[in-house]
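> Take this structure first; my questions come after.
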Amino acid sequence: MSWAAPALLVVVFGLVTVPWRAARQFAVPFVLAFLPIAALAAWFVIGMDLFFTPD
């Protein structure tokens, strides 16, 4: 679950800043750019945890 903490923090901080217009102009694009990258990183880490077997 260590892979989920950074993504969760970014999404929470992004959603908290939505009511403020100045912060929203930065937070919403940042969250939208971060989520696909975080999802790919999580997919990779989970795959390595589940299926990687060192010889």
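Read the figures in this text as sums done on the coordinates, not as results from a lab. Computed from a predicted structure; not experimentally measured.
> Compute the relative contact order of the chain as a whole-number percentage, counting only Cα pairs closer than 8 Å that sit 6 or more residues apart in sequence.
Once normalised by length, the contact order is 35 percent.
> With Cα extents along the principal axes in Å as the read-out, I listed (i) 29, 24, 12; (ii) 41, 19, 15; (iii) 53, 16, 9; which label goes with the value calculated from this structure?
Here Cα extents along the principal axes in Å agrees with entry (iii).
> What are the ³J(HN,Hα) values, in whole Hz, obtained from phi via the Karplus relation 6.51 cos²θ - 1.76 cosθ + 1.60 with θ = phi - 60°, for each residue of region 13-18 in sequence order, with x given for Gly and Pro?
Karplus values, whole Hz, x for Gly and Pro: 5, x, 6, 5, 7, 4.
> For region 31-45, take each phi angle, set θ = phi - 60°, evaluate the Karplus expression 6.51 cos²θ - 1.76 cosθ + 1.60, and give the result in whole Hz per residue in order, putting x for glycine and proline.
5, 5, 7, 6, 4, x, 5, 5, 5, 5, 5, 5, 4, 5, 5
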